[in-house]
Amino acid sequence: MDGDEDEEEIESELEDMLEQLAADETAYEMGVPRARFRVTYREGRLLVIHWADVLAEQGPVLTLLEDSELEDLLIADLAESRDSEGRWELTMRLLTADEPSPPAEQAILDWASDVGYRRIWLPGRVVNLSRRQGFNSRVKVHCHNCGQTWHDSGRAFWSHVVKQRSFPTFCRLCGADLPVWEPDSKVAKGVFGASDRR
């Protein structure tokens, strides 16, 4: 009997998941932005991770964030859609603060520009973006978990970044989340990205 109940529960969960996927797809086709990333900015560091259903969007967690004394903390969701010409754009939904601080806003604008977005809808205004980094630009990121620094550049790397609209988000050595990649003017020694080994 317990087996039947378990089977019914699994079937119900699958039906719910399929309904949600269908609703997401319908919304996407109609041009309604869907959450793609969660961004966190604190103490001068921007972290961008892929959005997941397990992330808090409401309830007591957000009440704690509103009452927090961490004035430099910004957490927001970035929803993705396409404009009438098929170009990718983002819409920001803040979870903390009434508006992003100037440093947090600039960090988000720089990241969105680098990964290929053409427009971002911020609270109260729209910003048109243009690419900051060219295919020959070299970028780096430091993993704060294992301490490794990664470097990459070249057409293959940048084509992948723009196609995915995201820099690599996790360390290939330890698996930890990586902060946003930054311009690198120095020649890397030691660990290289895929395009450096060619």
**Message:** Starting from the 7 Å offset along Cα-to-Cβ, what nm value, one decimal, do you get for the label separation of residue 131 and residue 170?
**Reply:** 2.9
**Prompt:** What accessible surface, in Å², does a 1.4 Å probe find on residue 50, ignoring ligands, DNA and RNA and rounding to the nearest 10?
**Reply:** 90
**Message:** Tell me the accessible surface of residue 114 in square angstrom (1.4 angstrom probe, heavy atoms of protein chains only), to the nearest ten.
**Reply:** 0
**Fill in**
With all protein chains present, segment 74-188 has a carbon and sulfur share of its accessible area (1.4 Å probe) in percent of 48
**Request:** Quick one: accessible surface of residue 118, probe radius 1.4 Å, all protein chains present, in square angstrom to the nearest 10.
**Result:** 80
**Request:** Would you mind getting me the FRET efficiency between residue 43 and residue 149? Use the beta-carbon distance for r and R0 = 22 Å, nearest 0.05.
**Result:** 0.70
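The values are calculated or read from the model by the stated rules, or taken from the named source; none is laboratory data. The shown structure was predicted, so the numbers you read here are calculated from the model rather than taken from an experiment. Note that we place each Cβ from the backbone using ideal geometry, even for glycine, and neighbour counts take in every protein chain shown. The accessibility values were calculated without ligands, DNA or RNA, using every heavy atom of the protein model including side chains. Shrake-Rupley method; radii C 1.70, N 1.55, O 1.52, S 1.80 Å.
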